[in-house]
Structure formats: structure tokens, C-alpha cells
Amino acid sequence: MNAHDNNELRELLTRSIAPMNDTELRRDLWPQMLQRLEQQHSIRVPWFDWTLAAIAAAAVILFPEVIPALLYHL
């Protein structure tokens, strides 16, 4: 790239990206985050996680030679 290409690229970027005039947050987000954390009383585990755990347990019981492969992927 030469200087002309760099200047052209700079002009294209300045035209396409809006200037950031207001960089301050309009409100504090931390109280909302604390409220969401307090609302999550129980940990919900999706059904497919239980299915994967059952498959892994069955594989270990039926085929003990897969233990090193499972440990490798953890």
C-alpha cells in the first residue's frame, strides 16, 4: 500500500464510522447486574447437558478404555 491508498482508506473509514461524541453511560448498569444475579436463585441445567453426562457415564462403564480420551477432552 502506498500513501495514496492509506489516505483513501482513512477517508473511507472516517466517512463510514460515526464520531463518538457522547462516551459516558446514561445510567449505572451495576445495580441492574446485581438484581439479575439475585434473581437467579437456582442453577438450571439444560436437558442436553444431562444427556451428555449420561452418555459419558455409560461410555465409561461400558468401555473403560475411553477414559483417557474423555480426560483429554476435558
Meets criteria (small (G, A, S) and within 30 Å of A69 (Cα to Cα)) for A18: no
Is it true that some residue in segment 22-44 is closer than 30 Å to H73 by Cβ, modelled with pLDDT of 80 or more and not basic (K, R)? no
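Every residue, every condition in (1) of a type in the set (G, A, S); (2) assigned to a helix (DSSP H, G or I); (3) free of Cβ contacts under 8 Å to residues at least 40 places away in the same chain; (4) surrounded by 10 or more Cβ atoms within 10 Å (Cβ to Cβ), yes or no:
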| residue | (1), (2), (3), (4) |
| --- | --- |
| N7 | no, yes, yes, yes |
| R10 | no, yes, yes, yes |
| L13 | no, yes, yes, no |
| L25 | no, no, yes, no |
| R36 | no, yes, yes, no |
| F48 | no, yes, yes, no |
| I55 | no, yes, yes, yes |
| A69 | yes, yes, yes, yes |
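Take E65 and tell me if it is assigned to a loop (DSSP other than H, G, I, E, B) and either surrounded by fewer than 10 Cβ atoms within 10 Å (Cβ to Cβ) or touching a Cys at 6+ places or on another chain (Cβ under 6 Å) (or both).
no
The values are calculated or read from the model by the stated rules, or taken from the named source; none is laboratory data. The structure displayed is predicted, hence computed values, not measured ones. Here Cβ is always computed from backbone atoms with ideal geometry, including for glycine, and neighbour counts include all displayed protein chains.
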